[in-house]
1. May I ask you to list pairs of residues, at least six apart or on different chains, whose Cβ atoms are under 6 Å apart, with the first in the range 1-29 being assigned to a loop (DSSP other than H, G, I, E, B) and the second being surrounded by 13 or more Cβ atoms within 10 Å (Cβ to Cβ)?
2. Give the residue that is surrounded by the fewest Cβ atoms within 10 Å (Cβ to Cβ), with candidates limited to residues of the range 6-33 that are modelled with pLDDT of 80 or more and over 15 Å from Lys60 (Cβ atoms).
3. Report whether or not Gly55 is more than 11 Å from the chain's Cα centre (by Cα), at pLDDT 85 or above and at positive phi.
4. Kindly establish whether Leu41 is surrounded by 15 or more Cβ atoms within 10 Å (Cβ to Cβ) and part of a helix (DSSP H, G or I).
Amino acid sequence: MALRRIFEILYYKVIKEHGSIRRITVEDFSNIKDTRANEILSILVKKGMISKEGGSKNIKYVLK
């Protein structure tokens, strides 16, 4: 299984457990850079698994 897919599953489970997640949390939790965190979160949004709420520096991701 590709590493990106593992991260997708992991983030989905974290959001399910905590209700939401922010990109900075993803970066810290996974020790990855912001561009990679954005890429993975965007994939989950495009797949319809999560949605993006807020704007600018207050964006959080929640389950759909």
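The values are calculated or read from the model by the stated rules, or taken from the named source; none is laboratory data. Fair warning: this is a prediction, and the values are worked out from it, not measured in the lab. Reconstructed Cβ throughout: ideal geometry from the backbone, glycine too, with neighbour counts over all protein chains shown.
1. Ser20/Lys60; Ser20/Val62; Arg22/Lys60
2. So, considering only residues that are modelled with pLDDT of 80 or more and over 15 Å from Lys60 (Cβ atoms), the one surrounded by the fewest Cβ atoms within 10 Å (Cβ to Cβ) is Asn31.
3. Working: more than 11 Å from the chain's Cα centre (by Cα): yes; at pLDDT 85 or above: yes; at positive phi: no.
It is false that Gly55 is more than 11 Å from the chain's Cα centre (by Cα), at pLDDT 85 or above and at positive phi.
4. yes
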